[in-house]
1. In nm, to one decimal, how far is the modelled label at residue 132 from the one at residue 57, with both set 7 Å along Cα→Cβ?
2. For residue 146 and residue 48 in the same chain, what is the full-extension length gain: residue separation times 0.36 nm, less their Cα-Cα distance, in nm?
3. Taking 0.36 nm per residue of sequence separation and subtracting the Cα-Cα distance, how much length would be gained by fully extending the chain between residue 157 and residue 22, in nm to one decimal?
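None of the figures in this text is laboratory data; all of them are computed from the coordinates on show. Just so you know, these numbers come straight off a predicted model, no measurement behind them. Cβ atoms come from the backbone with ideal geometry, glycine included; neighbour counts cover every protein chain shown.
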Ligand SMILES: C[S@@+](CC[C@H](N)C(=O)[O-])C[C@H]1O[C@@H](n2cnc3c(N)ncnc32)[C@H](O)[C@@H]1O
């Protein structure tokens, strides 16, 4: 190989001894940030691949740890009140909240799930992207009640209605 140049895997010439930053500048026209705290993440993996599946589960694990930390904080600091989820889809998080509150010793708390049970409301023309469609994520109330075993677990309360109606009426208005 000639001393000063070789081809990168992307096919661009890269100087033999280029630093990471120099190589990034040559390939992409800018130094890529290594501090990802301000970077926006996009999934580049096709949804039918195991890579996508792994990303999904990794993010879910982080979400799980975050909610667990919140529940533990509520318990350890004796923060009063109900736990509420706005938009519950099939009820997976309601189930996790139920189990987390049991384990954290706050099994006396109400768990409220607000949902239209008709999916998303009409997307906003200015603020929502075209990805979102009216009716997306619809799950029938009877199905969700069965999923969360509502009959056997009365501290779970599912509140039906679009937020524009349900959040200006009881029981939402009575929450602290
Ligand atoms: C993406 S899913 C929620 C997912 C769930 N929070 C989770 O993390 O798995 C969105 C849910 O919000 C509900 N929803 C969306 N817009 C709503 C609105 N304006 N009023 C009531 N429910 C709404 C939908 O019916 C759907 O169940």
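1. The answer from the label model is 3.0 nm.
2. On the way: separation 98, 0.36 × 98 = 35.28 nm, distance 2.92 nm.
Contour length minus the Cα-Cα distance gives 32.4 nm.
3. On the way: separation 135, 0.36 × 135 = 48.60 nm, distance 5.74 nm.
Additional length available on full extension: 42.9 nm.
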